[in-house]
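I have placed the structure first, in the form of structure tokens, so that the comments after it can refer back to it.
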Amino acid sequence: MSKKILILGGGYGGLLTALTARKHLSVSEAQITLINRYSTHQIITELHRLAGGTIGEDAVALPLTKLLKGKGVNVVVDTVSEIKPDDKKVLTASGTAYTYDALVVALGSETAFFGIPGLQENSFTLKSAEEANRIRTHVLARLDAYKQSGDKKDATIVVGGGGLTGIELVGEFVDKLPEICKAKGIDFDDIKLYVVEAGPNILPIFPQELIDRAVVSLEKRGVEVITGVAITEATKDTVALKDGRVLESNTIIWTGGVQGHPVVANSGIEVNRGRASVTDVLQSTSHPEVFLAGDCAVVIPSEGARPYPPTAQLAWQMGETVGANLAVFFKGGKMEKFEPVFSGTLGSLGRKDAVGTVGGNNIRLKGTPASLMKEASNIRYLSHIHGLFALAH
């Protein structure tokens, strides 16, 4: 009898689970249903470009039905509201209940605001194409307002968080805004761009040499990088810093933290600080018919070690491991241990500059070679999921 596989989330982990599971399980062996709150698979690593206006939405939001065409996967656009693992049931916002023989939870993470007063209410976040569009529309509207009123708050952008998302976004802004300002008849020198990072460095995942290179690149083009100072409060048009400074801005974009997905944290699946605990084959430690892929799981490589970071390349690899293990779960045999391959990390600083480390030896790249490698890595992923076909049709 055909087994029911339910996949929650159509991001890197969920999509790769579906594609891989179908390679090992025929349509007669397993019905696969994927539930996602959007009809598209979103290339999260390229959202900064959409927010900055250097690419269109169709380049980052690929229709799931096209990516899964001919794979025998039922795509449902709905929001997961509750997981009931003891009943093998999932409830959605539309009021539908789904049952399963195996569940894959790949719901990603949510933004953490760390209890900073006013931050959640007064900031933008960048975790979907919809949010990227909202940021771009808002920035353009504020520039129009600045042209009319000359109010500095309209010409100031504050990005909270100096990790990859924040730095890539501000790099995109500082490249694109001169052109936008020129078209609107605004002097780009009037625009203020800030990155505020509570830690001692931006891009802490990189060696100091590359961090320094990134700071010089951004500052040379007009970004003020503030490190070692936390945001303590945000209002509609101010950002208060721990050192007493107050930045006047009505464009605050927060990229400074992630936390586990609340639906997962409250599901009854065993969790560690809000993210699901997993075995070395990515099964839930409390419910063996539940598998996890992506940011909603915490994967600790060995006792006492730090968890793996929540990244797209890890979610992709987790999805492939889970997809293969689902077949073993139903057919018997030995499941594959999750042993990720780290191919490196690349961070763009705009259209023509980037920094990165690649390969097992962490070879350092900067400038054009790093930019080209970042572009190649995106094309590699798209070709892996047949996304180039989806973009062309």
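Structure above, values below:
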item: Strands (runs of 3 or more DSSP E) fully within segment 321-381 counting 1 or more residues that are of a type outside the set (S, T, N, Q), modelled with pLDDT under 95 and under 19 Å from residue 59 (Cβ atoms); result: 344-348
item: Conditions (1) closer than 25 Å to residue 162 by Cβ; (2) over 24 Å from the mean Cα position of the chain (by Cα): number failed by residue 353; result: (2)
item: Failed condition for residue 195, given (1) assigned to a helix (DSSP H, G or I); (2) buried (at least 21 other Cβ atoms within 10 Å of the Cβ); (3) free of Cβ contacts under 8 Å to residues at least 60 places away in the same chain; result: (1)
item: Test: residue in segment 323-331 that is within 15 Å of the chain's Cα centre (by Cα) and more than 27 Å from residue 266 (Cα to Cα); result: no
item: Residue 276, sole failed condition from (1) surrounded by 16 or more Cβ atoms within 10 Å (Cβ to Cβ); (2) modelled with pLDDT of 95 or more; result: (2)
item: Some residue of segment 233-240 being polar (S, T, N, Q), in contact with an Asp or Glu (Cβ under 8 Å, 6 or more places away or on another chain) and either farther than 20 Å from residue 111 by Cβ or touching a residue at least 24 places away in the same chain (Cβ under 8 Å) (or both); result: yes
item: Residue within segment 252-264 that is modelled with pLDDT of 95 or more, part of a loop (DSSP other than H, G, I, E, B), among the polar types (S, T, N, Q) and within 30 Å of residue 80 (Cβ to Cβ) present; result: yes
item: Search result, residues across segment 1-25 that are crowded, with 24+ Cβ neighbours inside 10 Å, not aromatic (Phe, Trp, Tyr) and not in a loop (DSSP other than H, G, I, E, B); result: 5, 6, 7, 8, 13, 14, 15, 16, 17, 18, 21
item: Qualifying positions in segment 26-58 - touching a strand residue (DSSP E or B) at 6+ places or on another chain (Cβ under 8 Å), part of a loop (DSSP other than H, G, I, E, B) and either modelled with pLDDT under 95 or crowded, with 23+ Cβ neighbours inside 10 Å (or both); result: 43
item: Failed item, numbered, when residue 216 is tested on (1) in a loop (DSSP other than H, G, I, E, B); (2) of a type in the set (A, V, I, L, M, F, W, C); (3) more than 23 Å from the chain's Cα centre (by Cα); result: (1)
item: Residue within segment 290-300 that is surrounded by 23 or more Cβ atoms within 10 Å (Cβ to Cβ), over 20 Å from the mean Cα position of the chain (by Cα) and under 30 Å from residue 161 (Cβ atoms) present; result: no
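The values are calculated or read from the model by the stated rules, or taken from the named source; none is laboratory data. Everything numeric here is computed off the predicted structure, so don't read it as measured data. Note that each Cβ is placed from the backbone with ideal geometry, even for glycine, and that neighbours are counted across all protein chains shown.
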